[in-house]
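First the structure, in the form of structure tokens, and then the observations on it.
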Amino acid sequence: MASSALPSPYLQSQFQPLRSSSKPSSRRSFVLPIKASISDKPSIAASPPSVSPVEPSKLPLRKIPGDYGLPFIGPIKDRLDYFYNQGKEEYFKSRAQKYQSTVFRANMPPGPLIASNPHVVVLLDGKSFSVLFDVTKVEKKDLFTGTFMPSTDLTGGYRILSYLDPSEPKHTQLKNFLFYLLKARRDHVIPEFSSTYTGLFESLEKDLASKGKVGFNDPGEQAAFSFLGRCYFGVDPVNTKVGTDGPSLIAKWVLFQLAPILTLGLPAFIEEPTIHTFRLPPQLVKKDYQRLYDYFYSSAGSLLDEAEKMGLSREEACHNILFATCFNTFGGLKIFFPNILKWIGRAGVKLHTQLAQEIRSVLKSNGGQITMASLEQMPLMKSAVYEAFRIEPPVPAQYGKAKRDLVIESHDAAFEVKEGEMIFGYQPFATRDPKIFDRPDEYIPDRFVGDGEKLLKHVLWSNGPETEHPTVGNKQCAGKDFVVFISRLFVVELFRRYDSFEIEVGSSALGSSITITSLKRASF
């Protein structure tokens, strides 16, 4: 999700960026809708902005608090705190309180023996976080997973787009290729989504009727992967040699890449000497990856033809399509769709009724059809989706390496960062910044309705503000607006079918585990 796709200069399909304003205001019930639509206008790849001299800060200059502890021992201690003794949220919160600062020094996992340098400057507020999007100030080369990079043996021997800095020529080629993918298949999104998720909901209803409750995650992941295959390539992976194994193959492959920065819920004495100290051997997942690769290579023929015209080899293009689909997009949906159910489900029947009324009224006035235009007439639905992105972004961590000496500003102070230092931002704190958002820890579904739309520039889940859009010159998730769009479709399909639903929420290694206990069919 952090590096997928948007438009090529000559064949573009993009969701238009939103207007932004700098002053937050109170919410209203009925005002101008939040806009996002596909445009056929070709974009011109913008040149990287020139670097201008740093202006002196008007805030007091403060030394960055915190330290890294003793060599080897300090990173290990911080790793134990991060995973076991405190957990992520408390790890950052306790240090921010200790130093009375949202900017401080700390170690980030995995550390020894996987990452040679775990030292980072941590950013926890919405103001300082923005430096991580400025590619004139920070380098993004090989930083997609943080202070270590998984073996390229897991990606066919190639450095995938997500690991490339915009300054590298291959970045432009690959991002434009993925932009082409979105353009070429845009007309398939709505019909394939509707078909796939109608089938999912019908299946969930049957299991709920027979068992009294039904888990969403496993069938939801199967539906998500089938949808992406049908939407992007016109071939459902279930009907190929992949069969129904797709989500499990992806999960195993992703685990081999992210294990050093995950906890699987096992005791520290098991995880520490295994997944946090040594890399899992890529050879163990080679056959699983090959099954996925074979599906993409055989299904994406016309797209690979286009890749060759753009100067890419079919093999490199295929490995990038696989990564963009399985890691970025499917990985994002695996996390975010359960999050949507969690936050909207917990909000209760009043919100459910409001969403059902808005969605069904708009669809009725549009002949019962879901279209881009009809989605634009649903401000509450759009805001409810944005609020889920804000309160629990599916990609919580962002990294960048200072290209030069910098001055980074929080709300209260300025801090000097030296060239070459690693900068890390923990996004859930930045998007729950109390100096930006009212009641930041609450899910407020109409937060971005009306004047609240001005706050969208502080929604940062896509490696950039929601009010901006991806280009070949930045590292914003190229499929940002595609993911927002299908998240809206998910909510629309849910509430045109049901008046309300009830859930139980658990946890998993990569997000929330959802069990549906009630689905109330549409009554109006």
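Brief remarks on what is shown
- Flag for Ser487 being open to solvent by 40 Å² or more (accessible area, probe 1.4 Å) and of a type outside the set (D, E, K, R): no
- Under the condition of being open to solvent by 10 Å² or more (accessible area, probe 1.4 Å), within 14 Å of the chain's Cα centre (by Cα) and over 24 Å from Leu380 (Cβ atoms), the residues counted in the stretch 460-478 number 2.
- Among the candidates Leu113, Leu132, Leu123, the residue that is surrounded by fewer than 23 Cβ atoms within 10 Å (Cβ to Cβ) and among the aliphatic types (A, V, I, L, M) is uniquely Leu113.
- Test: residue in the stretch 471-492 that is modelled with pLDDT of 95 or more and acidic (Asp, Glu): no
- Given (1) open to solvent by less than 10 Å² (accessible area, probe 1.4 Å); (2) within 19 Å of Ile261 (Cβ to Cβ); (3) in contact (Cβ under 8 Å) with a residue 60 or more places away in the chain, number of the condition Tyr91 does not satisfy: (3)
- Residues located in the stretch 200-212, provided they are within 16 Å of Arg497 (Cα to Cα) and not hydrophobic (A, V, I, L, M, F, W, C): Glu202, Ser203, Glu205, Lys206
- When each of Pro281, Pro267 is tested for being open to solvent by 30 Å² or more (accessible area, probe 1.4 Å) and within 22 Å of Tyr163 (Cα to Cα), the lone residue that passes is Pro281.
- Phe83 falls short of the stated requirement of being closer than 17 Å to Lys127 by Cβ and within 30 Å of the chain's Cα centre (by Cα).
- Of the residues contained in the stretch 232-242, one or more are found to be open to solvent by less than 30 Å² (accessible area, probe 1.4 Å), aliphatic (A, V, I, L, M) and outside any helix (DSSP H, G or I).
- Total residues in the stretch 135-149, condition charged (D, E, K, R), open to solvent by less than 40 Å² (accessible area, probe 1.4 Å) and not in a loop (DSSP other than H, G, I, E, B): 0
- When Arg95 is tested against (1) within 26 Å of Glu416 (Cβ to Cβ); (2) assigned to a loop (DSSP other than H, G, I, E, B), only condition (2) is not met.
- Taking the criterion of being open to solvent by less than 10 Å² (accessible area, probe 1.4 Å) and of a type in the set (A, V, I, L, M), the residues of the stretch 490-511 that qualify are Val491, Val492, Leu494.
- Listed by first and then second residue, the pairs linking a residue in the stretch 389-408 that is within 30 Å of Leu341 (Cα to Cα) to a residue that is in a strand (DSSP E or B) and hydroxyl-bearing (Ser, Thr, Tyr), with Cβ atoms under 8 Å apart and 6 or more places separating them unless they lie on different chains, are Pro396/Tyr426; Ala397/Tyr426.
- Taken together, Pro379, Pro434 contain a single residue that is free of Cβ contacts under 8 Å to residues at least 12 places away in the same chain and more than 22 Å from Ser167 (Cβ to Cβ), which is Pro434.
- Restricting Lys334, Lys403, Lys350, Lys364 to those that are surrounded by fewer than 23 Cβ atoms within 10 Å (Cβ to Cβ) and closer than 30 Å to Pro118 by Cα reduces the list to Lys403.
- Once the stretch 442-459 is narrowed to residues that are among the charged types (D, E, K, R) and over 19 Å from the mean Cα position of the chain (by Cα), the residue that is surrounded by the fewest Cβ atoms within 10 Å (Cβ to Cβ) is Glu442.
- Some residue of the stretch 213-227 being over 22 Å from the mean Cα position of the chain (by Cα), part of a helix (DSSP H, G or I) and within 30 Å of Asp499 (Cα to Cα): no
The values are calculated or read from the model by the stated rules, or taken from the named source; none is laboratory data. Note that this is a predicted model, so its numbers are computed, not measured. Positions of Cβ are generated from backbone atoms using ideal geometry, with glycine treated the same way; all protein chains shown enter the neighbour counts. Surface areas here come from the heavy atoms of the whole protein model, side chains and all, with no ligands, DNA or RNA. Shrake-Rupley method; radii C 1.70, N 1.55, O 1.52, S 1.80 Å.
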